[in-house]
Amino acid sequence: MSTAAPPADWRRLDPRTVLVTALVVAGVVAGAAIPVTLGLTRWFGLPAAVLQVLAGAVLVIGAAAGADRVRWHRTRYRVGEERVDLHTGLLLVKRRSLARSRIRTVDLTANLMLRLLGLVTVRIGTGEQGNDSTLQLDPVTRAEGERLRRLLLERAATAPSGVHREGELAVLDPRWIRYAPVSFVAPMLGGAAVGAVLQVSDWVGAQGEVIAWVGDRFRDTPLLWVIVGLALAALVAGVAGALVLWVEMWWNYRLEREPGGTLRVRRGLFTSRSISVEEARLRGVDLVEPLGVRLLGAARLDAITTGLAKDHEAKNADHNTLLPVAPRTRADAVAADVLREADTPTGAALTPHPPAARGRRLRWSLAAALGPVLVLTLLGALLTPVLLWIALGCAVVSAPVAVALALDAYRGLGHALAGRYLVTRSGTVRRSTAALERAGVIGWTVRQSVFQRRAGLLSITATTAAGGGAYTAYDTDASEGLTFAAEAVPGLLEPFLERSPKDA
């Protein structure tokens, strides 16, 4: 196959992509080789099984490397004055093109293998929905990736005015790792660890032995303590996993403001990530406080921005996070620097919501907690008294928790206008304080159920093209909520308010 270079204005991916593919596939094959070999020994014996697995591994690795060699040969890209073009494919050639004026993100990612080879994956996106809004160059050299990022994100417009500073806005403080164990990731990882042990033991045909071994350890232990012990073991495993995951995701974290008005987040230990956010597309920030870290006085800072990657892969990559979980005062300070404000809108004094909103949350929370208790009570009356005792235990535990969460959710409600921003806050398990630029509001949605109308409440939602697309002040006083919306964006809601008396 010819390896002639493409025309001068076209460029190719780095040819070491074939080596990367071969090494990655070899690692996957090596991980699958042990259970496959053990399975084949039941029919062919150990030597024959090993030979068959080795032969299959060579074929799989060779086929993957060959396919990637063809992909490399048939892939080329160029950056023109108006467009970025990517051509790829053998039998069915795909020609994709993005207008440079629509490009909003150029993100660089490199796993450990790519980093060792000095390569990166470049994702060029317009921030629109669908795969056609993103071009991926996988891989190119790091120097080429940085060149593309600077070239495609440079803007002639001057940076926004305001109180600000250039350069480094935030850098990793290793002490922030103390917040990792109290995140919701820890129990999830603990459950995943238990499942992984059972799955691997099943692959090698030893699941029964593993369960029997655990049973022997707790043979003379009451069932309640067995459950507590296993739960603690899973939690410890989850905490360890959360710490490792935090280090991998946030090591070498740095938030910078580059000349021309671009915010850049760099992070990652084994897999490095570089994410850029244009300040011209920034519409505000969202201060996120999950329950665990909020109890320790900490919060995470996310960007509310238009044009951020929205494809499936980017959704799982924390693309909008500007600051990992850090002390709340530090998060507020970074929010002020990011928004070029002297005082952060996320720290503004909020208007509390009426007591009727508290009653609604108490009723919802108690209904959710006591619904299962009612079902257990009915089943207990029909089947066995044991379920009645279980229902009683659930009620004793869940009712106080439900009340506490409801009261906390009510205390978290609030809204305000802070300079150029409107601020809304809500949530308890995940409390969110969103500061949205008033100029970024494109519409209002007013919702009022029958029960809200009787209580004199309504929920009003600011719609925007940025971030999650909607930010709601829940259960506000009816007149207060409408006044808030009218003052936030003058002229947008008034026509509807003027017609409301006639409609009535």
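Of all the numbered requirements in (1) polar (S, T, N, Q); (2) open to solvent by less than 40 Å² (accessible area, probe 1.4 Å); (3) touching a residue at least 24 places away in the same chain (Cβ under 8 Å), T463 misses one, and that requirement is (3). Answer with yes or no whether L172 is modelled with pLDDT of 90 or more, within 20 Å of the chain's Cα centre (by Cα) and not small (G, A, S). Criteria met by L172. Among residues of region 251-287 being among the acidic types (D, E) and out of contact with any Pro (no Cβ under 8 Å at 6 or more places or on another chain), the one that is surrounded by the most Cβ atoms within 10 Å (Cβ to Cβ) is D286. Only one of the numbered conditions (1) touching a helix residue (DSSP H, G or I) at 6+ places or on another chain (Cβ under 8 Å); (2) under 25 Å from L263 (Cα atoms); (3) assigned to a helix (DSSP H, G or I) is violated by V120, and that is (3). When L108 is tested against (1) touching a helix residue (DSSP H, G or I) at 6+ places or on another chain (Cβ under 7 Å); (2) surrounded by fewer than 16 Cβ atoms within 10 Å (Cβ to Cβ), just one condition goes unmet, and that condition is (2).
The condition of being closer than 19 Å to G284 by Cα and either surrounded by 15 or more Cβ atoms within 10 Å (Cβ to Cβ) or not charged (D, E, K, R) (or both) holds for only one of G393, G347, G371, G359, that being G347.
When each of R499, R453 is tested for being surrounded by fewer than 13 Cβ atoms within 10 Å (Cβ to Cβ), basic (K, R), outside any loop (DSSP other than H, G, I, E, B) and at pLDDT 90 or above, the lone residue that passes is R453. Apart from one condition, R76 fits all of (1) in contact (Cβ under 8 Å) with a residue 40 or more places away in the chain; (2) under 31 Å from the mean Cα position of the chain (by Cα); the exception is (2).
The residues on offer are R42, R16, and the sole one that is open to solvent by 40 Å² or more (accessible area, probe 1.4 Å), of a type outside the set (D, E), modelled with pLDDT under 75 and farther than 30 Å from S101 by Cβ is R42.
When A473, A404 are checked against the criterion of being modelled with pLDDT of 90 or more, part of a helix (DSSP H, G or I) and not aromatic (F, W, Y), A404 stands alone in meeting it. For region 116-148, filtered to residues that are modelled with pLDDT under 90 and among the charged types (D, E, K, R), the residue that is surrounded by the most Cβ atoms within 10 Å (Cβ to Cβ) is D138. Suppose the filter is open to solvent by less than 50 Å² (accessible area, probe 1.4 Å) and touching a strand residue (DSSP E or B) at 6+ places or on another chain (Cβ under 8 Å); does R431 pass it? Here the answer is yes, as R431 does meet what is asked.
Across region 482-493, the qualifying residues are those that are of a type outside the set (A, V, I, L, M) and without any contact (Cβ under 8 Å) to a residue 60 or more places away in the chain, and the one among them that is most open to solvent (accessible area, probe 1.4 Å) is P490.
Checked against the criterion of being open to solvent by less than 40 Å² (accessible area, probe 1.4 Å), within 20 Å of E480 (Cα to Cα) and over 29 Å from the mean Cα position of the chain (by Cα), the candidates L436, L413, L387, L458 yield just one match: L458.
The values are calculated or read from the model by the stated rules, or taken from the named source; none is laboratory data. Computed from a predicted model, the values in this text were never measured in an experiment. Note that each Cβ is placed from the backbone with ideal geometry, even for glycine, and that neighbours are counted across all protein chains shown. Surface areas here come from the heavy atoms of the whole protein model, side chains and all, with no ligands, DNA or RNA. Shrake-Rupley method; radii C 1.70, N 1.55, O 1.52, S 1.80 Å.
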